[in-house]
Amino acid sequence: MTKISDILSRGRSFSFEFFPPRTEKAEETLRQALIELEPLGPSYVSVTYGAGGSTRERTHDLVVDILHNTSMTPMAHLTCCAHTRAELLEVVERYRDAGIENVLALGGDPPADLDLPPGELHYAVELAELVREVGDFSVGVAAHPEPHPKSPTRKSDRKWTAYKLSHADFAITQFFFEARHYFDLVESLRALGVDKPVLPGIMPATSIASIKRMSELQGSEFPAWLAEKLHAVEDDPGAVWRVGVDEATRLCQELLDGGAPGLHFYTLNRSPATREIYTALGLRQGAA
Ligand code: FAD
């Protein structure tokens, strides 16, 4: 097993994010994506957690399965909302005992349709501390280039992100479509004394409806120029996909040219977009 902090200290990282499937068909789609993406030699891969605990077992099982049955280094996402401290300790202790060394500590947004209790921890930084109490984990956190939608001001979000990073090894960002958002985040964190790696999160806009929905949820701007390009070919899903991949490739290149320490791909459990971008960027197997 390898700690992500060690991987990042060796140079640029290229990582992939997956979510635990809910159905047998979705399970098959994920399996196929894992088979097709493993040969790219990602620096690590991560598995999301359903806020409130809806994927508690499935996230655990997938993370441990990746550890034992693939060559890839896994990281477990964990969210603190709607959980007691004891529940979180139990989840993290199970990971420690299973040999998992990497956790992404998150706040989470509990599903609005479920009347869940608020939880004993209020912010992701408290979860990062809890994870470190349990074991010798490498701990990552989330960062929001276009400040978190619940933040009263950009300045306060930057300040809390800097504080959170003082308890973590690295951050992965929410997705965005213009590199300036990422560079602004990094610049403000540097000004606040942060020197930890901040990995940009990449979400190719390959479907207009879902990118619109996710942008609204996460507070990411869906820029007019991108919407225009996508809508110009909206009747042809293949052409929409092409625009999304080409624009994501351009963004990745701009981020790497500007000094980003790597890229984190939100794969949505599918491989083609990530593979295309990898090829277009000239990244080879084991690029990290
Ligand atoms: P926090 O760091 O707790 O921040 C939430 C808000 O509180 C922000 O406005 C922040 O400025 C403010 N804040 C932070 N600390 C303090 C403090 N000490 N005092 C006062 N205010 C504070 N969600 C899932 O449900 N499952 C996942 O697997 C998942 N994976 C993600 C992966 C990545 C890379 C990213 C970027 C997001 C992910 N999310 C996931 C979404 C995330 O849970 C939401 O964006 C959530 O609303 C905020 O999480 P956070 O960890 O940034 O929270």
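The values are calculated or read from the model by the stated rules, or taken from the named source; none is laboratory data. Only a predicted model underlies this, so the values are computations on that prediction, with no experimental measurement involved. For neighbour counting, all protein chains shown are included, and Cβ atoms are generated from backbone atoms with ideal geometry for every residue, glycine included.
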Exactly one of Leu230, Leu226, Leu283 is surrounded by 13 or more Cβ atoms within 10 Å (Cβ to Cβ), at pLDDT below 95 and farther than 30 Å from Ser166 by Cα, and that one is Leu283
Of the conditions (1) over 27 Å from Arg12 (Cα atoms); (2) within 16 Å of the ligand (Cβ to nearest atom); (3) not in a helix (DSSP H, G or I), Leu217 fails just one. Which one is it?
(3)
Tally time: how many residues in region 186-204 are touching a strand residue (DSSP E or B) at 6+ places or on another chain (Cβ under 9 Å) and not in a helix (DSSP H, G or I)?
10
Considering only residues that are more than 8 Å from the ligand (Cβ to nearest atom) and either among the aliphatic types (A, V, I, L, M) or in a helix (DSSP H, G or I) (or both), which ones fall in region 172-185?
Ala179, Arg180, His181, Tyr182, Phe183, Asp184, Leu185
How about region 220-242: which of its residues are among the charged types (D, E, K, R) and outside any loop (DSSP other than H, G, I, E, B)?
Glu228, Lys229, Arg242
Just checking, how many residues over region 1-50 are under 30 Å from Ala82 (Cβ atoms) and modelled with pLDDT under 95?
1
Which one of the conditions (1) of a type outside the set (A, V, I, L, M, F, W, C); (2) away from the ligand (no atom under 13 Å from the Cβ); (3) modelled with pLDDT of 95 or more; (4) more than 14 Å from the chain's Cα centre (by Cα) does Arg56 fail to meet, given that it meets all the rest?
(2)
Residue by residue through region 193-233, note down the ones that are without any contact (Cβ under 8 Å) to a residue 24 or more places away in the chain and among the acidic types (Asp, Glu).
Asp195, Glu216, Glu228
List the pairs whose first member sits in region 145-167 and is farther than 10 Å from Leu192 by Cβ, whose second member is more than 8 Å from the ligand (Cβ to nearest atom) and of a type in the set (Phe, Trp, Tyr), and whose Cβ atoms are under 7 Å apart, counting only residues at least 6 apart or on separate chains?
Pro145/Phe176; Pro145/Tyr182; Glu146/Phe176
Pairs please, first residue from region 103-127 and closer than 18 Å to Ser54 by Cβ and assigned to a loop (DSSP other than H, G, I, E, B), second anywhere and more than 11 Å from the ligand (Cβ to nearest atom) and modelled with pLDDT under 95, Cβ atoms under 7 Å, 6+ apart in sequence or on different chains.
Pro110/Leu116
